[in-house]
Each structure stands twice: as structure tokens, then as C-alpha cells.
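The values are calculated or read from the model by the stated rules, or taken from the named source; none is laboratory data. Model, not experiment: these values are computed from the prediction. Methodologically, a virtual Cβ is constructed for each residue, glycine included, from the backbone with ideal geometry; neighbour enumeration extends over all protein chains shown.
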């Protein structure tokens with residue numbers, strides 16, 4: 001294995017539950033909402049984001065997308081706050097953290113000469129997330145669907161990641177937690193998929209599954 005292509009959310013990082021944070025952030029701005037209402041608003045925002053994240057291919061697009069997402073949160077909650085203030089609270093509530101084993105696994109793979117490239121259906125802000133979680137320095141490249149213009153399972157985005165890694169499809173694996181985007185996408189690109197099944201989900205026949213990213217380290 002010369003290269004490991006890696007999904008981001010669910011593979012390298014997890015999203016902390018944002019609704020308790022949103023309740024606290026709005027309270028700090030003088031607005032009281034229930035956690036149930038905050039949960040409903042954030043789930044609506046997250047659904048909208050998933051459908052539109054590729055609009056944020058640059059910083060201007062990201063700013064526009066965030067304003068639209070904040071508008072959804074404000075409308076769902078019916079709060080008497082300007083949308084920019086809701087946006088500030090929303091962004092403060094969205095917090096990512098690396099899975100505990102991830103930094104050590106990335107270091108171990110790099111020590112073995114494996115090139116590491118993230119390939120993710122995400123907007124341009126993924127670079128910021130990887131910096132804040134201190135993972136970016138452990139990676140050799142990052143490809144986001146918004147910047148590249150194609151999303152997993154499209155084989156083209158995997159080809160771009162392989163180019164960054166300087167490896168052929170036969171010399172790489174792709175690890176991710178989504179059966180369609182990651183497993184089937186990697187297969188279509190001729191790359192061995194590794195299914196990251198943190199909750200013990202069964203893998204399709206013939207696909208290697210790992211409970212944590214530590215399963216990528218050769219024995």
C-alpha cells in the first residue's frame with residue numbers, strides 16, 4: 001500500500017452534537033430556546049447543507065452558504081435575532097473533533113511511507129476543520145467535492161486524489177464510512193475499499209471492514 005485515501009466525516013473526524021451548543025450560544029446572546037427546538041433547527045440546516053455544500057467552492061461561496069443556512073435556523077426557531085447573529089451562534093455550535101485513534105494512525109502510516117490524501121464530499125471549509133483539529137499537518141493532500149467539481153462516488157474525484165498521492169489505483173486503499181460514496185465509489189475507481197464501521201455495521205461481501213482507523217496499519 002503506497003497510498004491511503006481517506007474520507008473525512010465519520011472516518012477522521014466526528015461532529016459533536018450541535019444543538020446543546022446552539023442553546024448555549026443563543027443564551028449567551030440573550031435568546032432562550034429548548035434543546036428540542038435547537039435540534040429541529042440544526043437538523044433542517046444540516047439537510048439543506050448536504051444538498052448545497054458544493055456551492056461553497058471558495059470563500060465567497062462559503063459565506064453565502066453560511067448565510068442561507070443561518071436563515072434556515074432563524075426561521076425554524078423564530079428568534080428575534082438578526083440573521084448574522086444567528087449565523088455566529090450556529091457556527092460556534094458546529095464543532096468537529098478527531099476520533100481518538102486518528103492522529104496516531106496517521107503518524108504511523110506516514111512513518112511507513114504511506115501517502116495520505118483526504119477525499120471528501122465537503123465544502124472549502126474542510127481545510128479549516130483539518131487545521132483546527134490538528135490533522136492537516138499529518139496529511140499529504142486534501143480534495144473536496146466543492147473545489148474539484150465532482151463528488152464521490154464519481155471516479156474522477158478519486159483519480160484526483162490518486163494524482164496528489166502519486167500512486168496508482170492498485171497501490172492504494174480508500175477508507176470511508178459510506179457504502180455508496182466510499183465503498184462503491186472506490187470500487188468504481190479501481191481502488192480497494194475499506195469500510196469504516198465504527199458501530200459494527202456489516203460490510204458488503206468481499207469488502208474489508210475496520211472498527212477504527214487503526215485497522216489500516218499493516219500488521
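A few points about this structure:
- Test: residue 200 is surrounded by fewer than 19 Cβ atoms within 10 Å (Cβ to Cβ), at pLDDT 95 or above, more than 19 Å from the chain's Cα centre (by Cα) and more than 21 Å from residue 58 (Cα to Cα): no
- Of the listed requirements (1) over 16 Å from the mean Cα position of the chain (by Cα); (2) outside any helix (DSSP H, G or I); (3) modelled with pLDDT of 95 or more; (4) surrounded by 14 or more Cβ atoms within 10 Å (Cβ to Cβ), residue 32 misses just one: (4).
- Some residue of region 41-58 being at pLDDT 95 or above, more than 23 Å from the chain's Cα centre (by Cα), assigned to a helix (DSSP H, G or I) and outside the structural domain of residue 149 (by TED's automatic domain parsing): no
- Exactly one residue out of 53, 21 is surrounded by 17 or more Cβ atoms within 10 Å (Cβ to Cβ), under 29 Å from residue 194 (Cα atoms), in contact with a helix residue (DSSP H, G or I) (Cβ under 8 Å, 6 or more places away or on another chain) and touching a residue at least 12 places away in the same chain (Cβ under 8 Å), and it is 53.
- Inter-residue pairs, beta-carbon under 7 Å, first at negative phi and in region 75-86, second surrounded by 18 or more Cβ atoms within 10 Å (Cβ to Cβ) and at pLDDT below 95, 6+ apart: 86/79
- Residue 86, sole failed condition from (1) buried (at least 18 other Cβ atoms within 10 Å of the Cβ); (2) under 16 Å from the mean Cα position of the chain (by Cα): (2)
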